[in-house]
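The values are calculated or read from the model by the stated rules, or taken from the named source; none is laboratory data. These numbers were taken from a predicted model, which means no experiment stands behind them. Note: ideal-geometry Cβ built from the backbone for every residue, glycine included; neighbour counts use all protein chains shown. Side chains included, ligands, DNA and RNA excluded: accessible areas come from the protein's heavy atoms. Shrake-Rupley method; radii C 1.70, N 1.55, O 1.52, S 1.80 Å.
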Amino acid sequence: MLLDSGANIECKPIHLAHYAVMGNIYSREVLGCKNPRVGILSVGTEATKGNELTLEAFRLCKLLDLNFVGNVEGYDLFKNRVDVAICDGFVGNIVLKTCEGLAGSIFSMLKRELASSPQRQLGALLVRNAFRAIKRRMDPEVYGGAPLLGLNGAVLKAHGSARERAITNAIRVTTDALQHQVNQTIAREIQRANERMAVVEVAALPEK
(Lines give C-alpha, C1' and ligand atoms only; values in the text may rest on other atoms or scores of the structure.)
Protein backbone atom coordinates (compact mmCIF):
# COMPACT_ATOMS: atom_id res chain seq x y z
CA MET A 1 0.00 0.00 0.00
CA LEU A 2 1.02 3.60 -0.68
CA LEU A 3 -0.48 6.31 1.53
CA ASP A 4 -1.14 9.07 0.58
CA SER A 5 -1.31 8.74 -3.20
CA GLY A 6 -2.82 12.15 -3.91
CA ALA A 7 -5.74 13.03 -1.65
CA ASN A 8 -3.78 15.46 0.57
CA ILE A 9 -0.73 17.10 -0.97
CA GLU A 10 0.14 19.17 2.12
CA CYS A 11 0.54 17.12 5.28
CA LYS A 12 1.71 17.45 8.86
CA PRO A 13 3.76 14.77 10.62
CA ILE A 14 0.76 13.58 12.62
CA HIS A 15 -1.09 12.98 9.34
CA LEU A 16 1.67 10.62 8.22
CA ALA A 17 1.42 8.83 11.56
CA HIS A 18 -2.32 8.47 11.02
CA TYR A 19 -1.68 7.15 7.49
CA ALA A 20 0.59 4.53 9.04
CA VAL A 21 -2.19 3.41 11.38
CA MET A 22 -4.83 3.35 8.64
CA GLY A 23 -2.59 1.56 6.14
CA ASN A 24 -1.66 -1.00 8.75
CA ILE A 25 -5.35 -1.73 9.42
CA TYR A 26 -6.36 -1.94 5.75
CA SER A 27 -3.40 -4.13 4.85
CA ARG A 28 -4.15 -6.43 7.76
CA GLU A 29 -7.94 -6.62 7.52
CA VAL A 30 -8.61 -6.42 3.77
CA LEU A 31 -5.39 -7.53 2.06
CA GLY A 32 -4.71 -10.31 4.57
CA CYS A 33 -1.20 -9.27 5.63
CA LYS A 34 -0.87 -10.56 9.20
CA ASN A 35 1.82 -8.19 10.45
CA PRO A 36 2.31 -5.41 7.86
CA ARG A 37 5.71 -3.76 7.66
CA VAL A 38 5.22 0.00 7.75
CA GLY A 39 7.85 2.40 6.43
CA ILE A 40 8.22 6.09 5.58
CA LEU A 41 9.22 6.87 2.01
CA SER A 42 12.39 8.97 2.20
CA VAL A 43 15.69 9.74 0.48
CA GLY A 44 17.66 7.25 2.55
CA THR A 45 17.10 4.42 5.01
CA GLU A 46 19.02 6.09 7.84
CA ALA A 47 16.89 7.60 10.61
CA THR A 48 18.58 10.96 10.08
CA LYS A 49 17.67 11.18 6.37
CA GLY A 50 14.68 13.17 5.14
CA ASN A 51 13.04 16.56 5.59
CA GLU A 52 11.26 18.06 8.61
CA LEU A 53 8.03 16.25 7.71
CA THR A 54 9.50 12.76 7.42
CA LEU A 55 11.89 13.14 10.36
CA GLU A 56 9.10 14.09 12.75
CA ALA A 57 6.78 11.44 11.29
CA PHE A 58 9.56 8.89 11.88
CA ARG A 59 9.69 9.88 15.54
CA LEU A 60 5.91 9.60 15.91
CA CYS A 61 5.65 6.25 14.16
CA LYS A 62 8.22 4.79 16.53
CA LEU A 63 5.81 5.56 19.38
CA LEU A 64 2.96 3.57 17.85
CA ASP A 65 2.03 -0.08 18.05
CA LEU A 66 3.20 -0.88 14.52
CA ASN A 67 5.69 -3.14 12.80
CA PHE A 68 7.63 0.00 11.87
CA VAL A 69 10.68 -0.69 9.70
CA GLY A 70 11.85 2.93 9.50
CA ASN A 71 12.69 4.78 6.31
CA VAL A 72 12.40 3.11 2.92
CA GLU A 73 13.51 4.31 -0.51
CA GLY A 74 11.74 4.22 -3.85
CA TYR A 75 13.26 0.95 -5.02
CA ASP A 76 12.24 -0.74 -1.76
CA LEU A 77 8.63 -0.58 -2.97
CA PHE A 78 9.44 -3.42 -5.37
CA LYS A 79 11.84 -5.43 -3.19
CA ASN A 80 9.35 -6.85 -0.68
CA ARG A 81 10.88 -4.77 2.12
CA VAL A 82 7.72 -2.89 3.08
CA ASP A 83 3.95 -3.56 2.97
CA VAL A 84 2.70 -0.04 3.79
CA ALA A 85 4.70 2.94 2.48
CA ILE A 86 3.86 6.35 3.97
CA CYS A 87 4.35 9.76 2.33
CA ASP A 88 2.46 12.97 1.65
CA GLY A 89 0.04 13.06 -1.28
CA PHE A 90 2.34 15.19 -3.44
CA VAL A 91 5.14 12.62 -3.36
CA GLY A 92 2.74 9.68 -3.45
CA ASN A 93 0.91 10.84 -6.56
CA ILE A 94 4.21 11.33 -8.41
CA VAL A 95 5.32 7.82 -7.39
CA LEU A 96 1.99 6.35 -8.46
CA LYS A 97 1.92 7.96 -11.90
CA THR A 98 5.62 7.33 -12.52
CA CYS A 99 5.13 3.62 -11.82
CA GLU A 100 2.04 3.53 -14.02
CA GLY A 101 3.84 5.25 -16.90
CA LEU A 102 6.96 3.12 -16.55
CA ALA A 103 4.99 -0.13 -16.56
CA GLY A 104 3.09 0.93 -19.68
CA SER A 105 6.28 1.97 -21.45
CA ILE A 106 8.08 -1.29 -20.66
CA PHE A 107 5.19 -3.39 -21.98
CA SER A 108 5.01 -1.26 -25.14
CA MET A 109 8.76 -1.62 -25.74
CA LEU A 110 8.60 -5.38 -25.18
CA LYS A 111 5.69 -5.69 -27.60
CA ARG A 112 7.54 -3.76 -30.33
CA GLU A 113 10.80 -5.65 -29.88
CA LEU A 114 9.16 -9.09 -29.77
CA ALA A 115 7.22 -8.37 -32.96
CA SER A 116 10.25 -7.09 -34.88
CA SER A 117 11.32 -10.44 -36.39
CA PRO A 118 9.93 -13.98 -36.91
CA GLN A 119 12.50 -15.39 -34.49
CA ARG A 120 11.44 -13.03 -31.73
CA GLN A 121 7.79 -13.72 -32.45
CA LEU A 122 8.47 -17.41 -31.94
CA GLY A 123 10.27 -16.67 -28.68
CA ALA A 124 7.36 -14.52 -27.53
CA LEU A 125 4.99 -17.39 -28.28
CA LEU A 126 7.03 -19.69 -26.05
CA VAL A 127 6.96 -17.30 -23.07
CA ARG A 128 3.49 -15.79 -23.53
CA ASN A 129 2.12 -17.50 -20.40
CA ALA A 130 4.84 -15.85 -18.31
CA PHE A 131 3.97 -12.45 -19.78
CA ARG A 132 0.29 -13.03 -19.06
CA ALA A 133 1.07 -13.93 -15.45
CA ILE A 134 3.07 -10.70 -15.00
CA LYS A 135 0.31 -8.67 -16.62
CA ARG A 136 -2.27 -10.20 -14.25
CA ARG A 137 -0.14 -9.28 -11.24
CA MET A 138 0.10 -5.67 -12.42
CA ASP A 139 -3.52 -5.35 -13.53
CA PRO A 140 -5.22 -2.47 -11.63
CA GLU A 141 -8.65 -3.87 -12.50
CA VAL A 142 -8.04 -6.65 -9.95
CA TYR A 143 -8.49 -4.06 -7.17
CA GLY A 144 -10.88 -1.74 -8.96
CA GLY A 145 -9.54 1.42 -7.40
CA ALA A 146 -8.04 2.99 -4.30
CA PRO A 147 -9.81 3.40 -0.93
CA LEU A 148 -10.21 6.84 0.63
CA LEU A 149 -9.42 5.95 4.24
CA GLY A 150 -10.34 8.03 7.28
CA LEU A 151 -13.79 9.07 6.06
CA ASN A 152 -17.02 8.38 7.95
CA GLY A 153 -18.09 5.96 5.23
CA ALA A 154 -16.76 3.54 2.63
CA VAL A 155 -15.39 5.23 -0.51
CA LEU A 156 -13.31 3.60 -3.22
CA LYS A 157 -12.04 5.84 -6.03
CA ALA A 158 -12.05 4.12 -9.41
CA HIS A 159 -10.02 5.21 -12.44
CA GLY A 160 -11.81 7.38 -14.98
CA SER A 161 -11.26 4.70 -17.63
CA ALA A 162 -12.47 1.83 -15.40
CA ARG A 163 -14.44 -0.87 -17.19
CA GLU A 164 -17.06 -3.34 -15.94
CA ARG A 165 -14.54 -5.74 -14.41
CA ALA A 166 -12.82 -2.95 -12.47
CA ILE A 167 -16.12 -1.63 -11.09
CA THR A 168 -17.16 -5.16 -10.10
CA ASN A 169 -13.92 -5.64 -8.19
CA ALA A 170 -14.23 -2.17 -6.64
CA ILE A 171 -17.60 -3.22 -5.20
CA ARG A 172 -16.06 -6.48 -3.97
CA VAL A 173 -13.15 -4.71 -2.25
CA THR A 174 -15.47 -2.13 -0.66
CA THR A 175 -17.71 -4.95 0.61
CA ASP A 176 -14.65 -6.61 2.17
CA ALA A 177 -13.80 -3.37 3.95
CA LEU A 178 -17.35 -3.10 5.32
CA GLN A 179 -17.42 -6.72 6.44
CA HIS A 180 -14.12 -6.26 8.28
CA GLN A 181 -15.43 -3.04 9.91
CA VAL A 182 -12.38 -1.13 8.72
CA ASN A 183 -13.82 2.31 9.54
CA GLN A 184 -14.70 1.35 13.10
CA THR A 185 -11.26 -0.17 13.62
CA ILE A 186 -9.59 2.94 12.19
CA ALA A 187 -11.55 5.21 14.53
CA ARG A 188 -10.56 3.13 17.58
CA GLU A 189 -6.90 2.76 16.68
CA ILE A 190 -6.45 6.41 15.65
CA GLN A 191 -7.86 7.46 19.03
CA ARG A 192 -5.52 5.03 20.78
CA ALA A 193 -2.57 6.32 18.72
CA ASN A 194 -3.40 9.94 19.58
CA GLU A 195 -3.60 9.08 23.26
CA ARG A 196 -0.28 7.25 23.12
CA MET A 197 1.49 10.11 21.34
CA ALA A 198 0.00 12.64 23.77
CA VAL A 199 1.14 10.64 26.81
CA VAL A 200 4.70 10.44 25.46
CA GLU A 201 4.75 14.16 24.65
CA VAL A 202 3.58 15.04 28.18
CA ALA A 203 6.14 12.69 29.73
CA ALA A 204 8.89 14.40 27.71
CA LEU A 205 8.06 17.88 29.04
CA PRO A 206 10.58 19.23 31.57
CA GLU A 207 9.41 19.37 35.17
CA LYS A 208 8.67 22.82 36.60
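If you check 155, 127, 142 for being of a type in the set (A, V, I, L, M, F, W, C) and more than 26 Å from the chain's Cα centre (by Cα), only one passes: 127. From the list 79, 111, the one residue that fits, being over 19 Å from the mean Cα position of the chain (by Cα), of a type in the set (Lys, Arg) and surrounded by fewer than 17 Cβ atoms within 10 Å (Cβ to Cβ), is 111. Just name the residue that is farthest from residue 25 (Cα to Cα) out of those in segment 113-154 that are in a loop (DSSP other than H, G, I, E, B) and aliphatic (A, V, I, L, M). Once the filter is applied, the top-ranked residue is 115. Going residue by residue through segment 21-35, is there one that turns out to be under 10 Å from residue 88 (Cβ atoms), out of contact with any Ser or Thr (no Cβ under 8 Å at 6 or more places or on another chain) and part of a helix (DSSP H, G or I)? The answer is no, given that none of the residues of segment 21-35 is under 10 Å from residue 88 (Cβ atoms), out of contact with any Ser or Thr (no Cβ under 8 Å at 6 or more places or on another chain) and part of a helix (DSSP H, G or I).
Quick one: in segment 48-65, which of the residues that are within 12 Å of residue 16 (Cβ to Cβ) and part of a loop (DSSP other than H, G, I, E, B) is most open to solvent (accessible area, probe 1.4 Å)? For segment 48-65, the residue satisfying everything is 51. Cβ-Cβ distances below 9 Å connect the following pairs, each with a first residue in segment 108-124 that is over 16 Å from residue 134 (Cβ atoms) and free of Cβ contacts under 8 Å to residues at least 24 places away in the same chain, a second residue that is of a type in the set (Gly, Ala, Ser) and exposed (fewer than 12 other Cβ atoms within 10 Å of the Cβ), and a separation of six or more residues or different chains: 121/115. On the basis of being more than 24 Å from residue 180 (Cα to Cα), part of a loop (DSSP other than H, G, I, E, B), over 14 Å from the mean Cα position of the chain (by Cα) and not charged (D, E, K, R), does residue 9 make the cut? Taking the combined requirement at face value, the residue satisfies it.
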